[in-house]
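Encoded as structure tokens, the structure appears first; notes follow it.
Read-outs: derived from the displayed coordinates by stated rules, not from any lab. Keep in mind that this is a model prediction, so the values were computed, not measured. Cβ sites come from the backbone with ideal geometry, for glycine too, and all protein chains shown count toward neighbours.
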Amino acid sequence: MKKLSKLYLSLVLLFLYIPIFVMIVFSFNTTKSRSVMSGFTLDWYVRLFHNELILKSLGNTIIIAVCASVAATVIGTLAAIGISRMGKRTKATVMQVTNIPIVNPEIVTGVSLMLLFVFFQARMNLEFGYITLIIAHITFDVPYVVLNVMPKFRQMQPNIYEAAQDLGCGPVRSFFKVVMPEIMPGVLSGFLMSFTFSLDDFVVSYFTSGATSQTLPITIYSMTRRKVSPEINALSTIIFVIVLTVLIIKNVAEKRKTSRSRLAALEESGRRASRRRIIKRVAVTAVVVCLVAGMTILTLGGFETEVPEELAVEDPDYYTRLADKDITINVYNWGEYLPLGEDDTLNLNEEFTNLTGIKVNYSTYATNEELYAKLRAGAASYDVIIPSDYMISRMIKEDMLLPLDMENIPNYKYIMDKFKTPEYDPDSRYSVPYTWGTVGIVYNSDLTDMDEEDIDWDVLWNEEYADEILMFDNPRDSFAIAQLILGQSLNTEDKRELRAAADLLKEQKKYVQAYVMDEIFDKMGAGEAAFAPYYAGDAVVMMEDHENLGFVIPESGTNLFVDALCIPKGAKNKEAAEMYMNFLCEPEAALEIADFIGYSTPNSGAFEMLDEEVQNDEISYPDDEFLNDKCEIFKNLSDDTNQYMQNLWTEIKTGG
Amino acid sequence: MENIVSLNDVAVTFDGETILNKINLDIRDKEFVTLLGPSGCGKTTTLRIIGGFLKPDSGDVMFEGKRINDLPPYKRNVNTVFQKYALFPHLNVFENIAFGLRVKKLSEDEIKTRVGEMLKLVNLSGFEKRNIQNLSGGQQQRVAIARALVNRPKVLLLDEPLGALDLKLRKEMQTELKNMQQSLEITFIYVTHDQEEALTMSDTVVVMKDGNILQVGAPVDIYNEPKNAFVADFIGESNILDGIMLRDRLVQFCGHEFECVDSGFGENTFVDVVIRPEDITLAPPENQKIKGIVRSVTFKGVHYEMVVDTADFSWLIHSTRAAQVDSEVGISFGPDDIHIMHKMEG
Ligand SMILES: Nc1ncnc2c1ncn2[C@@H]1O[C@H](COP(=O)(O)OP(=O)(O)OP(=O)(O)O)[C@@H](O)[C@H]1O
Ligand SMILES: [Mg+2]
């Protein structure tokens, strides 16, 4: 029995700590891989401190966590004092009520708070941002403080508050002199608990944050569309080490306290005590130094970077029109979709601000649907957004975008003709293409000797490679592949056609090892699978790290996707937003963007500046004929069709 | 002598329940008064009213002739030793005792001297730096007393201060407390539900039941002339029987008539008849009015405690000689061993 429980305990500990251990190890990995350790480097730590967005969100997170947990500690402690003096029945009821936010699903808390804030936003000019986030965090922090403080009242010697008054203290002084020291441990742990809960809250923050106050968890989540960068491992490692140190010090201090009180029974040796005091002081100082150093690095941000040459723009005068108006625009983009000074890139937002005097508030999302929901909720107002093709057509249909004044975007002339007047925005009135790409097949040359020309979509149905095939884990992309094989339009709304595509996908299921999205990077990198569909730009990045990987765009045709700059209704600074769009269309800026993301650029000026080798690369820049004849862009499907496809997809994934 | 504390028609209710029922009590200066009564009878509540932690719903609390109903606890010249000591766990022995002096902002020197004196008085010299949690119950007890006494209150309230101690320590502390009270000349208002403790220590005993004061008097008076059967029973276990006072000096119970010494109850009145266990002697059954079977015999040190069952009553008898279990015995007592008491109202 004893052995069994020991085994059980070690298993539990193993499960708890192995992930953290793995994370720490891979934070020193030389490549981005999460499965193969290829060498030791501190690179990710260096890059972390150059990543403006991560640092800024970390700063936001810390500010919000500190404010919210301090406020919650005060409120919660006061509440606990009140509750502890209530009658038994009232106490039980009130405790039930205070506990509701804990048992309540976070999503309900988040949504209801958002609705409340939207209600006040309309009436009282309440902006979504720090204030709403802090209020929301206080809401879910307070119960934890109450829960931590209440038991201290219960454990407290009865009557000590009265005893202090009996000895001549007034009520308030009595509280601080004798009650406070007793409940202090509860207050402290309540504070620590709410601080950590605030630090890593995602759901509630997601619904209550605005354009100006993105927190770290949201930023990290928005990065998952591509691949979570090892910088996050580095950041998590740092946070883990700090938390660990704080905990160890807390425990050591507590242990010391109890052992000292035991010692007090004997004659206390002054020397021993003073040595301990010194150790404690050293430990505390060490932590403080670490924190201060960390904070300094954080505030200095991208210090001592070799600043790349300044970006050249065509018509500098154009950009100074709004310089003295003190404008700030809110930009909402995909995660890792704009260079911000990481890896010695240019920080385009900073460049823009230097050039125009317009400040940029930058926040990020992970899916089109997330962007749509955020705009629909009306919680935050954005000036520039970057949705994908089908989402743009939906937003146009639902009257969510503002028509652009092309006079203000002279650089639109650089957009290649083939990307003008696309189907999703037939008159090019609402969108300026930002990046584009195609879907193809990643293969591992160690696991197949097929010629590249022979690889087409049907390889994903090849029995020979059963269990070595990966597939997209989202309905639209997966259906598209089946539809390409069946020769259907990728935008068909015909239910019989969709049913046929679904049948084909069902047939494929027995060969599929896993339905995945960004794990494709790791699985392919580690040689776990032979074939997987993925986006061209990401595949190129993958191939840089792994020589044995290749990428083909099937000759039979594929899906072409475009992400484009738009201005949503409700934008407060349309002219500045257009200036920002124009800036991103400067050939040099567009080149930086294409370099950073790895996707293809629709900007002819930037294209001209590419190496000839890249210009002729069939993966990134297939020829016009292929693009025109064999590629189809997603359009928005009707709700009915979307639902039908979703149902079929569920059927495919859950059916036997 | 003057009254230092008086309660006039003091009433308290909690949630509609009467806890103190318009009690009246006068306490003289430098007296050792004990509130005695079963658990839940309102002893602590009475102390809390005097200490100022509870305001009576009606009635007056007087201190040296002045009404102090609205005076908060920290302004009353009264200190309390709480039922569970209520020492401050985060302070050591010295600081606990010095607490009240520090509040008064006395000089460090004076605090040192006075705390030192107190520690000597309660026999804890050398314990200054000790942590409260590492003290024994008796030591904590004495710290609590020192913490209250160091402020030199006119009245010290003690709420079952010896409740947690073992018998031997208890006896010692009883003597110590009594000595302290006499040498310091302070009024002690002492709460206990131990009748022996009340009788040995007090100048005056106040017997309480269900929020009422049943009897106030010197220990000897209360013991010898309990006002009713409850007091008699509470002060020392007694045999209490239903009886009828036929006329003066003649009472009927257990189906027999007995001569007694009481009069003035009228004729054919229902009364309680109280006979103390130590006043009964066992006799051969033959020529006794009451006979019974011995059910149990327990050795109690000085005497044996026996239970004898008769047809309608179970008798408690103390005797230095033991009877045989299951044997038949006669129960014998004289006329002056019979105490007649009015039935309690209700
Ligand atoms: N704060 C309160 N709220 C409600 N009822 C209370 C409160 N304090 C005391 N009581 C009730 O008042 C009655 C008297 O309580 P009190 O504490 O005075 O009894 P006590 O004589 O000191 O008993 P013990 O010997 O057990 O300490 C009890 O029935 C108790 O339940
Ligand atoms: Mg009590």
Net length gained if the chain between B:His256 and B:Arg295 were fully extended (0.36 nm per residue, minus Cα distance): 11.8 nm
Cβ neighbours within 10 Å from other chains - mean over B:81-87: 5
Charge tally in the Cβ shell below 12 Å around A:Ala136, where Lys, Arg are +1 and Asp, Glu are -1, A:Ala136 excluded: -3
Axial C-alpha extent at least 18 Å, average Kyte-Doolittle at least 1.6 - helices from chain A (DSSP): A:2-26, A:52-84
Taking only Cα atoms of the stretch A:365-428, radius of gyration then Dmax in Å: 12.9, 36
Extended-chain gain in nm, criterion 0.36 nm per residue less alpha-carbon gap, A:Ser638 and A:Leu447: 64.7 nm
Ranked packing of A:2-11, B:207-216, A:432-441, most packed first, by mean Cβ within 10 Å: A:432-441, B:207-216, A:2-11
Sum of side-chain charges, A:Thr77 neighbourhood, beta-carbon under 13 Å (Lys, Arg +1; Asp, Glu -1): -1
Spin-label pair B:Arg67/A:Asp200, simplified geometry with 7 Å Cα→Cβ offset, distance in nm: 6.3 nm
Candidate lysines - alpha carbon under 24 Å from A:Lys88, same-chain residues fewer than 8 apart omitted: A:Lys152, B:Lys43, B:Lys55, B:Lys84
B:Val325/A:Gln96 FRET efficiency (R0 41 Å; Cβ-Cβ; nearest 0.05): 0.10
Shielding by partners - mean other protein chain Cβ count within 10 Å, residues of B:91-103: 3
For the stretch A:427-443 and the stretch A:1-60, distance of Cα centres in Å: 35 Å
Kirkwood Rh and Cα Rg combined as Rg/Rh, the stretch B:256-346: 1.01
Largest-first principal axis extents, alpha carbons of the stretch A:518-656, Å: 55, 43, 31
Cβ-derived FRET efficiency at R0 56 Å, A:Phe175 paired with A:Leu627, nearest 0.05: 0.15
Per-residue [θ]222 nm for chain A (sum of -39500 (n - 2.57) over DSSP H runs n ≥ 4, rounded to 500): -18000 deg cm²/dmol
Residues A:Ile63 and A:Glu618, FRET efficiency given R0 of 41 Å [Cβ-Cβ distance, rounded to 0.05]: 0.25
Shielding by partners, peptide B:247-255 (average Cβ within 10 angstrom, other chains): 0
Average Cα contact separation per residue, chain A, under 8 Å, 6 or more apart, as relative contact order %: 16 percent
Calculated over chain A: convex hull of Cα atoms, volume per residue (Å³): 233 Å³
Pairwise label distance in nanometres, A:Thr328 with A:Met416, each label 7 Å out on the Cα-Cβ vector: 3.8 nm
Within-15-Å neighbourhood charge of A:Ile183 [Cβ basis; K, R +1; D, E -1]: +3
Nearby lysines by direct alpha-carbon distance to A:Lys653 (threshold 26 angstrom, same-chain neighbours under 8 apart not counted): A:Lys227, A:Lys495, A:Lys506, A:Lys509, A:Lys510, A:Lys523, A:Lys635
Candidates per GluC sites (Glu not before Pro) in the stretch A:364-466, loop by DSSP, up to 15 other Cβ within 10 Å: A:Glu398, A:Glu423
The stretch A:117-147 versus the stretch B:1-65: alpha-carbon centroid distance in Å: 51 Å
The stretch B:293-346: GluC sites (Glu not before Pro) in DSSP coil with no more than 12 other Cβ atoms inside 10 Å: B:Glu345
